[in-house]
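The values are calculated or read from the model by the stated rules, or taken from the named source; none is laboratory data. On a predicted model such as this, the values are computed, not experimentally measured, just so you know. When we count neighbours, we look across all protein chains shown, and the Cβ atoms used for this are built from the backbone with ideal geometry, even at glycine.
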Amino acid sequence: MRGPIPEELREGVGPHVYGCDICQDVCPWNSRAPVTHDPAFAAAPFSLVDVAGMDEAGFREQFRESPISRAKYAGLLRNAAVAMGNLDAEQYRRPLTELAEHADPVVQEHAAWALHSTEHGDTT
């Protein structure tokens, strides 16, 4: 989804920043796929704090050959802000405060929402 995520849907995002893993988990075709331990198929771990602190060049470098690149830089930051707001953890206050000053107004708005959510202990 491009642009703002409607507030009534943000809680449902949970701690996720991109939906590919969920789609892979629930896809009926994948129930018959063999499990692999090949490291080439392992997910690259990254933290929400790392995503929030990433600049656009870092985003392009890390995700250029990944489906995550379709989210675009600002879209990934928007999603990270929502995930941080849903997790309601003190460790996210600094990165959310920084995202609330981001050049993209959609990122700013979602970070402000997440900060408000963490201040009030809810995501409604």
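What the table below lists for this structure:
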{"read-out": "So Ala80, is it surrounded by 13 or more Cβ atoms within 10 Å (Cβ to Cβ) and under 17 Å from the mean Cα position of the chain (by Cα)", "value": "yes"}
{"read-out": "Selection count, the range 27-57, where residues are among the small types (Gly, Ala, Ser), modelled with pLDDT of 95 or more and surrounded by 10 or more Cβ atoms within 10 Å (Cβ to Cβ)", "value": "2"}
{"read-out": "Filtered residue count, the range 60-72, keeping only those that are surrounded by fewer than 20 Cβ atoms within 10 Å (Cβ to Cβ) and either closer than 14 Å to His16 by Cβ or not charged (D, E, K, R) (or both)", "value": "4"}
{"read-out": "Listing of helices (runs of 4 or more DSSP H) fully contained in the range 29-95 that carry 3 or more residues being over 22 Å from Gly14 (Cα atoms) and not β-branched (Val, Ile, Thr)", "value": "56-63"}
{"read-out": "Boolean, Ala100 is under 14 Å from the mean Cα position of the chain (by Cα) and within 24 Å of Glu8 (Cα to Cα)", "value": "no"}
{"read-out": "Inter-residue pairs, beta-carbon under 9 Å, first closer than 13 Å to Ala80 by Cα and at pLDDT below 95 and in the range 96-124, second in a helix (DSSP H, G or I) and charged (D, E, K, R), 6+ apart", "value": "none"}
